[in-house]
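The values are calculated or read from the model by the stated rules, or taken from the named source; none is laboratory data. Because the structure is predicted, anything quoted here is derived from the model rather than measured. Note: areas computed on protein heavy atoms with side chains; ligands, DNA, RNA excluded. Shrake-Rupley method; radii C 1.70, N 1.55, O 1.52, S 1.80 Å.
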Amino acid sequence: MLYLAVIVAVAAGIAVGFIWPDAAVELKPIGTGFVNLIKMMISPIIFCTIVLGVGSVRKAAKVGAVGGLALVYFMVMSTVALAIGLVVGNLLEPGSGLHITEAVRGAGEAQAEGASESTTDFLLGIIPTSLVSALTAGEVLQTLLVALLVGFGLQALGDAGRPVLRGIEHVQRLVFRILSMVMWVAPIGAFGAIAAVVGETGTDALTSLAVIMIGFYTTCVLFVVVVLGTLLKLVTGVNIFRLLAYLGREFLLILSTSSSESALPQLIAKMEHLGVSKPVVGITVPTGYSFNLDGTAIYLTMASLFVANAMDDPLSAGEQVSLLVFMIIASKGAAGVTGAGLATLAGGLQSHRPELLDGVGLIVGIDRFMSEARALTNFAGNAVATLLVGTWTKEIDKGRVREVLAGRAPFDYGRLDKAAADGPDG
């Protein structure tokens with residue numbers, strides 16, 4: 001029922017956006033409110049998941065092996081995604097022929113406000129003000145750090161830490177129960193978000209900037225199907241289309257909210273249900289949300305080329321390589337939050353090529369549509385990464401994977417909280 005309700009809500013939102021655009025724009029707070037409700041749950045979910053994943057493993061070396069393997073994979077795939085974005089961007093030459101106007105000047109500076117200005121600021125920003133503030137500030141990387149410290153601390157305590165782990169398991173069940181309640185307002189949030197963006201942009205932005213949008217969407221699809229699909233098939237034997245079909249409802253939720261974080265809890269539960277061990281899921285999925293942003297990587301390079309061409313200041317080959325290296329670091333600051341990619345783009349250009357910052361205003365109008373492709377690609381990349389890491393570490397039940405993807409062991413959405421807390425048998 002909820003799945004169908006979201007589909008109907010999205011269709012209704014599009015219709016309202018075209019028929020009553022002024023009224024539709026006023027509905028934006030509804031979509032924003034729903035995304036904020038989901039974001040409210042992200043820190044406790046990540047904290048509980050990582051603490052249970054790390055704390056339940058007897059040997060710290062095993063956690064280090066999983067985390068180290070995941071991080072190496074994330075860095076390699078991010079680099080590949082950035083390189084693909086550069087290649088496609090050079091072929092399409094998006095932005096050529098456009099010229100910046102006074103109306104869009106200053107928009108880039110507004111987007112750059114609050115963006116990390118240097119690698120040092122980014123690294124220092126990972127350390128929270130206090131142990132508890134990481135859970136209340138909503139900073140994903142800070143939550144990751146604290147959760148890892150708590151998990152290793154409980155691991156070192158041994159049997160003495162078991163009661164604490166059991167307590168966190170109960171907290172996780174409560175968090176997922178609250179989340180299941182929040183998800184029932186997803187149709188309302190999807191309706192407000194889609195109606196507002198259609199009402200704001202109409203067809204003008206889509207027409208004038210169609211080249212970069214179509215090129216970006218096509219690149220993301222090819223990356224997921226060809227690059228990730230081939231890698232997934234070779235390593236695990238799993239068909240990428242079966243995996244995407246298994247995560248179909250989550251993709252719809254991401255499409256309507258434009259944020260991959262809205263489906264983070266479901267991804268954790270579904271990967272455990274699929275047969276990947278709790279420690280691998282608990283480490284790979286939350287970490288991937290900060291370090292495995294394939295869609296954002298493609299966006300950053302293509303959008304940078306677009307802005308440079310639109311400003312009549314194209315990037316040379318050397319500058320493009322330098323920008324690629326810079327964006328490998330900059331992309332790690334954009335977790336799956338709506339609009340984070342645009343802020344990261346502006347912050348990256350401000351640090352690397354400040355004279356191009358004014359051109360960011362040209363892309364603001366369609367960023368919402370590109371944000372959806374970013375989020376969908378990021379989500380698919382993290383799902384594939386979890387299966388790959390599970391296979392490489394031999395922490396996956398391949399028989400269970402076949403059963404689930406064949407539809408013989410369907411995921412029970414009505415028991416999301418139990419599925420996440422109890423693992424594959426839940």
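Summary table below
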| item | result |
| --- | --- |
| Ser133, Ser260, reordered so the largest accessible area comes first (probe 1.4 Å) | Ser133, Ser260 |
| Where segment 236-308 is the region considered: accessible area per residue in Å², 1.4 Å probe | 15 Å² |
| Accessible-area value, Ile14, 1.4 Å probe, nucleic acids and ligands omitted, Å² | 70 Å² |
| Solvent-accessible surface ranking, highest first, for Ile30, Ile283 at 1.4 angstrom | Ile30, Ile283 |
| Ranked order, Lys28, Lys270 - accessible area, probe 1.4 Å, largest first | Lys28, Lys270 |
